[in-house]
Amino acid sequence: MRKPFIAGNWKMNMNNQSSSVLTESIVRELKQLGAERLDVAICPPFVYLHQVGKAVSASNVALGAQDVYYKADGAFTGEISCQMLKDIGCTYVIVGHSERRHVIGETNELINKKLTAAIHNGLLPIFCVGELLEEREARKTKAVVTTQIKKGLAGLDQEKVSAITIAYEPVWAIGTGKTATSAQAEDVHKMIRGLIAEMYGKRLAENIRIQYGGSVKPTNASELMAEEDVDGLLVGGASLIKDDFIAIIEASWRAK
Ligand code: PEP
């Protein structure tokens, strides 16, 4: 039985005050909802991890970071290590988000190093994969996602991979308002689960959580979550609006 998992990715948004206000109100509403059947995480920018961590500390909401570097310490100006994220109370870390792949230029090889370091240090990675619009139109979705998964997980054994949540995020659906249909999402999620079964066996494939991400809103969350292989949602824009994020969590909770 896979526990549904909803994560909010704030990206490069919010400020000192609004990050605390939003987190506190999410925590308050979730307490009333009593949605313990779900895992919920908030992933703010690095500079707000401390205060968001404080605001979620007495709740079921977990803290996540949006990225990490794979080295432990040293001369890596501007980077943040796994140890630093653990130190500040992070449970999760997003690795390989499409904006890091396509805006910053991260490669599958770098993402593999980050995943390896994160797991080694006790962080739970949310490993993002997904195709560009032109790749979908050229019917390359499965090939692209397969390569991202094989290269991203290279050298990781079954036990290590069991720490990972995979997030399928078609790049053409991220921040565009264009959501994949639930059938399109299910199709790729099923393929990913089959690939994990081939690589690591049926048991791990049945237990690994696969989130969908890409313009998730309160209006499409329940349809997506009703799909058999959609175990959670990675929410960008809508996680910045308290009522929308809560409505997505509530819809997900009812759908499973
Ligand atoms: C994301 O940031 O991972 C994301 C899916 O963004 P949005 O929900 O805004 O499309």
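Side notes on the structure shown:
- Cα gyration tensor, the chain - rounded (a/c under 1.5), prolate or oblate: rounded
- Ranked by the mean number of other Cβ atoms within 10 Å of their residues, highest first, the peptides 118-125, 143-150 fall in the order 118-125, 143-150.
- Mean Cβ count within 10 Å, highest first, over the residues of peptides 164-172, 59-67: 164-172, 59-67
- The label-point distance for Glu206 and His50, in a model that sets each label 7 Å from Cα toward Cβ, rounds to 4.6 nm.
- Per-pair calculated FRET efficiency, R0 = 25 Å: Glu228 and Asp87 via Cβ, rounded to 0.05: 0.05
- Residues with amide H under 5 Å from that of Ala62, placed H, sequence gap 5 or more: Val40, Ala41, Ile42
- Distance-filtered residues of region 163-198 - backbone nitrogen under 16 Å, label point 7 angstrom along Ala138 Cα→Cβ: 171-172
- The phi-based Karplus calculation (6.51 cos²θ - 1.76 cosθ + 1.60; θ = phi - 60°) puts the 3J(HN,Hα) values of region 103-113 at 9, 8, x, 5, 9, 4, 5, 5, 4, 4, 5 Hz, whole numbers, x for Gly and Pro.
- Extension gain for the segment Thr107 to Lys242, taken as residue separation times 0.36 nm less the Cα-Cα distance, is 45.3 nm to one decimal.
- Amide H contacts of Val93 (H built 1.01 Å from N, under 5 Å, at least 5 apart or other chain): Ala65, Leu124, Ile126
- Spin-label model, Lys71/Lys31: points 7 Å from Cα along the beta carbon direction are separated by 4.3 nm.
- Of all the options Arg136, Arg209, Arg37, the one that moves most in a Gaussian network model of the chain with Cα springs shorter than 10 angstrom is Arg37.
- The overall shape of region 67-110 is oblate: from the C-alpha gyration tensor, with semi-axes ordered a ≥ b ≥ c, the ratio a/c is 1.5 or greater and a/b is no larger than b/c.
- Near Cys128, once Lys and Arg are set to +1 and Asp and Glu to -1 for all other residues with Cβ below 12 Å from its Cβ, the sum equals -2.
- Taking region 118-256 as the region of interest, the number of lysine pairs whose Cα atoms are within less than 24 Å, with members eight or more places apart or on different chains, is 29.
- Using a Gaussian network model of the chain in which every pair of alpha carbons under 10 angstrom is joined by a spring, one finds that among Gly130, Gly53, Gly155 the greatest mean-square fluctuation is at Gly155.
- Stretch in the chain that is longest and holds no GluC sites (Glu not before Pro) that DSSP places in a loop and that have at most 13 other beta carbons within 10 Å: 37-227
- Derived scalar couplings between HN and Hα for region 128-134 equal 8, 9, x, 9, 6, 4, 5 Hz in order, rounded to whole Hz, by the Karplus curve 6.51 cos²θ - 1.76 cosθ + 1.60 (θ = phi - 60°), x for Gly and Pro.
No value in this document is a laboratory result; all are computed from the given coordinates. Quick caveat: nothing in here was measured; it's all calculated off a predicted structure. A quick note on method: Cβ atoms are made from the backbone with ideal geometry, for glycine too, and the neighbour counts reach across all protein chains shown.
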